[in-house]
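Have a look at the structure below, then the notes.
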Amino acid sequence: MGKMSSALTPADVVYGMEKVKVRVLRPTPELKVGDEVLGPFTQNQEVEVERWIAQVLVEKGYAEMLDSQDVDLTLLSRIAWREERTPQLTQLEDSFYAKVKAYLDKLNEKARTSTEALTEKRMAKVKLIDIVNCRLQKIVNMALMGGQPPKDVLSCLTPEERALLEELSEAIERWRRSVGGVEDG
């Protein structure tokens, strides 16, 4: 398991609580994971559990992940392409940045022994930078406009981006007032 690079964000919590399917690899007795009691399970049984529990079961060799909707280079490329070509923010799931972090952590581990993984990691970081820069520009423009954006716009923001928009809006408003009481816009 990779080391944590920073404190948990709200998106990390959402990501860990998402339900995912796992396939049990061998007969498993009742297990206690945190406060959760799981099982017993039979071999090849498919169960849905929170991602953090699934990760423990996978690490201990009890299960394998199924149809996980994780981030990969193809998805990052598709999002970057879409984001660069639309004036509005595109919809991202709340756990997007947490999933990207998990994907990059996985690539970091693989890159120690695989040049292909190192290349993929570099390409993924470039795509992520494109996405972040494009979305950041749109968020800064929203903050400059002042006022509360419509709900459909807010729903396209991840929790981290909503917090950034709020902080930027407040900072811009404070600055406007400090230079002569200039109101929004």
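The values are calculated or read from the model by the stated rules, or taken from the named source; none is laboratory data. All of these numbers come straight from a predicted model, not from anything done at the bench. Because the Cβ atoms are built from the backbone with ideal geometry, glycine has one as well, and the counts that use them run over all protein chains shown.
Taking the listed residues Ser77, Ser95, Ser155, the one that is within 30 Å of Gln45 (Cα to Cα) and of a type in the set (S, T, N, Q) is Ser95, with no other qualifying.
Between Asn141, Asn108, Asn133, the distinction of being of a type in the set (S, T, N, Q) and in contact (Cβ under 8 Å) with a residue 40 or more places away in the chain belongs to Asn108 only. Checked against (1) in contact (Cβ under 8 Å) with a residue 60 or more places away in the chain; (2) closer than 23 Å to Glu120 by Cβ; (3) more than 15 Å from the chain's Cα centre (by Cα), Leu92 passes all but a single condition, namely (3).
Answer yes or no: is there a residue in the stretch 125-134 that is more than 30 Å from Lys19 (Cα to Cα) and in contact with a Leu (Cβ under 6 Å, 6 or more places away or on another chain). No - not one qualifying residue is present in the stretch 125-134.
Of everything in the stretch 20-34 that is under 25 Å from the mean Cα position of the chain (by Cα) and either over 20 Å from Ser95 (Cβ atoms) or not β-branched (Val, Ile, Thr) (or both), the residue that is surrounded by the most Cβ atoms within 10 Å (Cβ to Cβ) is Val33. In the stretch 137-158, the qualifying residues are those that are under 16 Å from the mean Cα position of the chain (by Cα) and over 24 Å from Leu107 (Cα atoms), and the one that is surrounded by the fewest Cβ atoms within 10 Å (Cβ to Cβ) is Ser155. Every test in (1) assigned to a strand (DSSP E or B); (2) exposed (fewer than 15 other Cβ atoms within 10 Å of the Cβ) is passed by Arg78 save one, and that test is (1).
Restricting the search to the stretch 159-174, which residues are over 18 Å from Val71 (Cβ atoms), surrounded by 15 or more Cβ atoms within 10 Å (Cβ to Cβ) and either under 18 Å from the mean Cα position of the chain (by Cα) or outside the structural domain of Thr86 (by TED's automatic domain parsing) (or both)?
Arg162, Leu164, Leu165
Among the residues of the stretch 110-136, just one is under 16 Å from the mean Cα position of the chain (by Cα), of a type in the set (Lys, Arg) and surrounded by fewer than 17 Cβ atoms within 10 Å (Cβ to Cβ), namely Lys125. Of the helices (runs of 4 or more DSSP H) that lie entirely inside the stretch 83-185, those containing 1 or more residues that are aliphatic (A, V, I, L, M), over 30 Å from Arg51 (Cβ atoms) and at pLDDT 90 or above span 115-145, 159-178.
Taking every residue in the stretch 38-58 that is under 19 Å from Glu18 (Cα atoms) and pairing it with any residue that is hydroxyl-bearing (Ser, Thr, Tyr) and in a helix (DSSP H, G or I), at least 6 positions away or on another chain, the pairs with Cβ-Cβ distances below 8 Å are Arg51/Tyr15. In contact with a strand residue (DSSP E or B) (Cβ under 6 Å, 6 or more places away or on another chain) and loosely packed, with under 13 Cβ neighbours inside 10 Å: is that true of Glu46 in this structure? Criteria met by Glu46. Considering only residues of the stretch 81-101 that are among the basic types (Lys, Arg) and crowded, with 21+ Cβ neighbours inside 10 Å, which is nearest to Lys19 (Cα to Cα)? If we take residues in the stretch 81-101 being among the basic types (Lys, Arg) and crowded, with 21+ Cβ neighbours inside 10 Å, then Lys99 is nearest to Lys19 (Cα to Cα).
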